[in-house]
Amino acid sequence: MTNTNVLPAASHRTARIAAIDVVRGVAIIGTLGTNIWVFSHPWGLLGMLSAPVTPETPDAAAVTQLVFMTLTQGKFLALLSLVFGMGVAIQHGAAVRRGARWPGRYLWRATLLFLDGAINYVLIAEFDVLMGYAVTGAVVAYLLLTSPRAQRRMIAVFGALHVLVITVIVAAIVLTGANGDAALPNGRNPYADGTFLDLVLFRLDNLVVFRAEAVLIGFLSLALFLLGARLLGVGVFAPEGARVRRRLLVAGAIALPVDVVLGVAGGTAGLFAERYLLAPIVALGLLTLLAELSLRLGTDGWIARRAREVGRVALSAYMLQNLLAGALFYGWGLGLAESAAGARVPVTIAAFIVLTAAIVVLAHLWLRRFELGPVEWLWKRAAQLGTRA
């Protein structure tokens, strides 16, 4: 019997891309698992920043919410960052093989991604990540021109700077006695009472506050993009990367219980440390677990195929799942965040399951007829502007 783990170069690249699609699809659905709690808060993102668990939530339900939040919080954002870094590295490699100038037209592609993010931010979700990814990708495109040794040093420096910034903030939270929920905002609630246009204007009015996280995690994003590129280069999706996968799996397994304890019982400081310090390490373990499963089981099983399909239409799926969640929970839609506030935890979990199923089914049906998702198609056509036919 032929060992399917030993692949020719072309087949190896195909298997690697399929595995990356699986990871990207898992990351997209995972971001919904994080963001769904923002949508279901009566005060949206402002409420989550003040008091993630609403005052009327019973104690048992509050613990359940914190557990579910902790299982997704920060992990899938970091996982998506790693995969985006791999995508930049793949495009860089393709440019090198063609003899094309780099970063060249990649900067135009990054500009289009920023535009996608701006549309997503203004019209759909104030916690958009695409604008930050566009800026980070443009910077990393230049950093990939350096040597592997220089990139390893930059990963260490950016990572250390991020840890320093977050540690200072966590220490300030503890020392100032702010390690608990703050009061919810007062006044008119645009999430519950506003129209679609009201929320658009609200996001524009609060641009600085809502874009603060993208700046806060700037060093982390640079480190994760570069780390994703380096992991791809050392064969994290290939048989020869077994040693790297084992090390990262161990690191993720050690970080996970600490992460959960901080998220559930650590108050504001714990949630902050969990999201920005421990979650990226857990994400590395999750990445390597998915890579290992892809190698051992392949990417043609039913679950893997569904994840691959979501990964292939990642931009479309990301924007659609946020739009559908807004339609469920915001006042311009069904208004469940306000009307079902007393049963927030079961309603939120049910909404996540329903929306996940919808995204998976829609991705499957779309790709039966089309090669690209609708946003991906528009993005590709725009990226080709000015090129020769």
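Any read-out appearing in this document is the output of simple, stated calculations on the displayed coordinates, not a laboratory observation. The shown structure was predicted, so the numbers you read here are calculated from the model rather than taken from an experiment. Ideal geometry is used to build each Cβ from the backbone, glycine not excepted, and the neighbour counts take in all protein chains shown.
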Bin all alpha-carbon pair distances of segment 18-386 at 10 Å intervals from 0 and give each bin's fraction as a whole percent. 5, 23, 34, 27, 10, 1, 0
So what's the angle, to the nearest 10 degrees on a 0 to 90 scale, between helix 218-233 and the longest Cα principal axis of the chain? 30
Residue-by-residue Karplus 3J(HN,Hα) for segment 257-269, coefficients 6.51, -1.76, 1.60, Hz, glycine and proline x: x, 5, 4, 5, 4, 4, x, 8, 10, x, x, 4, 4
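Under Stokes-Einstein, with the Kirkwood radius over Cα pairs standing in for Rh, what whole-number D in µm²/s applies to segment 241-378 at 20 °C and 1.002 mPa s?
Working: Rh = 17.7 Å.
It comes out at roughly 121 µm²/s.
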Listed residues ILE359, ALA382, ILE349: farthest to the positive end of the dipole of segment 336-389 (Cβ charges): ALA382
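Divide by every residue of the chain the summed helix terms, -39500 (n - 2.57) for each DSSP H run of at least 4, and state the resulting mean residue ellipticity at 222 nm, rounded to the nearest 500 deg cm²/dmol.
On the way: 20 runs with 290 residues, N = 389.
The per-residue figure over the chain is -24000 deg cm²/dmol.
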Each residue of segment 285-290 in order: what ³J(HN,Hα) in whole Hz does its phi give by Karplus 6.51 cos²θ - 1.76 cosθ + 1.60, θ = phi - 60°, with x for Gly and Pro? x, 5, 4, 6, 5, 5
